[in-house]
1. Could you tell me the center-to-center distance, by alpha carbons, between region 38-113 and region 291-345 in angstrom?
2. Testing the spin-label approximation: label points 7 Å from Cα along Cα→Cβ at V193 and D306. State their distance in nm.
3. Where the only charges are on Cβ atoms (+1 Lys, Arg; -1 Asp, Glu), what is the dipole of region 161-223 about its Cα centre, to the nearest 20 debye?
4. Under the rule a/c < 1.5 gives rounded, and otherwise a/b versus b/c splits prolate from oblate, where does region 75-149 land using the Cα gyration tensor?
5. Using the Karplus curve 6.51 cos²θ - 1.76 cosθ + 1.60 with θ = phi - 60°, work out ³J(HN,Hα) for each residue of region 231-236 in order, rounded to whole Hz, and write x for Gly and Pro.
6. Separation of region 117-193 and region 218-276 by C-alpha centroid, Å?
7. Compute, for region 1-105, the length of the dipole vector about the Cα centre, with Cβ point charges of +1 (Lys, Arg) and -1 (Asp, Glu) only. Units Debye, rounded to 20.
8. Whole-Hz ³J(HN,Hα) for each residue in region 192-200, computed from phi via Karplus 6.51 cos²θ - 1.76 cosθ + 1.60 with θ = phi - 60°, x for glycine and proline: what do you get?
Amino acid sequence: MAGLACAARARELGVQPVVLEKGTRPGGSMLLSSCVIWRYRSWDDFRAECPRGDEALQRLVWERLDDAIEWLESLGAPVVAHETGNPRTTGKRFEPMGLTETLARRAGDVQLGAALDDTDGPLVLATGGFQGSRDLVARYIAPAAPLRLRANPWSEGDGLRAGLDRGAALSAGMDEFYGRNMPDADFGESDFVRLSQLYGRFARVFDENAVEFFLGDVSWSETDLVQATARRPGARAWYVLDERALGQRVRDRTVAEMVALAPTTVPPDQLPFPTPPGAKVAVRVAAAITHTIGGLRIDDRARVVDDGGHPIDGLYAAGADVGGISTGGYASGLAAALVLGLVVAEQAAG
């Protein structure tokens with residue numbers, strides 16, 4: 001999202017950008033997502049949900065997102081739904097392939113299979129985070145076991161490394177990530193949304209050693225539960241559900257419908273520990289990472305800064321290469337990518 005949006009807007013403003021796409025196709029993980037671009041309706045909600053995030057960057061995204069979404073629509077990007085389905089948020093759902101094709105066409109020069117290289121002009125780091133690198137995930141996030149990847153395979157921290165090589169500072173939240181608890185079985189890109197086990201708030205959650213490890217309230221995004229799972233033995237957990245839990249609804253599906261899709265569903269008497277009272281079914285899940293929350297530190301003009309807060313000449317970042325926006329919680333990664341991509345384009349165009 002970030003790189004394509006930046007290039008498309010920059011070309012509108014008279015700049016001739018080149019997009020160096022590491023992958024075999026444009027669109028990154030945006031193409032694999034549900035493609036809902038959203039913000040909290042209330043600024044106070046945003047701050048409450050992401051209390052350790054950079055307030056200036058949060059304000060930038062929150063104030064500019066509505067206009068940014070209108071810009072996408074003006075390009076002809078296809079909208080699937082004009083509401084998010086969550087009363088606490090506002091935004092729109094786009095068709096992923098149509099949005100990708102629209103932005104790629106407007107971006108112009110998109111070079112596939114290209115490596116990040118030195119440039120004489122401004123350089124925008126928008127490589128999608130470092131979730132694809134087991135080494136970087138182990139260093140900064142430190143899960144109990146390797147995390148399943150629920151994202152494109154090319155976001156391996158190239159932007160993070162390039163920024164650090166040039167003296168960039170790191171943001172807060174380097175140990176945080178957004179993801180989902182998925183069935184503890186093999187899954188492919190087409191399963192990223194379909195098989196998400198997004199009902200942990202209704203379950204009792206145990207680790208492999210029968211420890212019930214998440215006894216407090218689970219957030220609506222369940223990002224906190226996924227991060228907690230990542231730090232339990234094997235980065236795995238058991239969701240144990242009773243009759244009432246199975247009848248709950250999450251968006252347009254019941255919990256029972258989501259459970260039915262999981263290939264790791266077992267009857268309670270097959271749990272590796274004594275059956276909790278009232279249990280009707282259990283699902284073995286594993287933590288999967290979609291994108292990192294920590295990354296390079298930037299200012300409100302998307303300029304990468306050093307440890308002293310001074311901008312590094314000619315170096316910008318957008319998307320998941322930027323850290324510190326949703327620290328302590330969860331906010332739309334696509335929203336931040338879109339807004340920051342447009343901000344960088346405006347800076348490049350002077």
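1. One Cα centre to the other: 15 Å.
2. Simple spin-label model gives 4.4 nm for this pair.
3. Numbers: 6 positive and 12 negative charges, 56 e Å.
The dipole magnitude comes to about 260 debye.
4. Judged from the Cα gyration tensor, region 75-149 comes out oblate (a/c at least 1.5, b/c at or above a/b).
5. 9, 9, x, x, 6, 10
6. 26 Å
7. Working: 14 positive and 15 negative charges, 54 e Å.
In total the dipole reaches around 260 debye.
8. With the stated coefficients, region 192-200 comes to 4, 8, 4, 9, 4, 9, 9, 8, x Hz.
The values are calculated or read from the model by the stated rules, or taken from the named source; none is laboratory data. None of the values given here were measured: they were computed from a predicted structure. Methodologically, a virtual Cβ is constructed for each residue, glycine included, from the backbone with ideal geometry; neighbour enumeration extends over all protein chains shown. Accessible surface areas use protein heavy atoms only, side chains included; no ligands, DNA or RNA. Shrake-Rupley method; radii C 1.70, N 1.55, O 1.52, S 1.80 Å.
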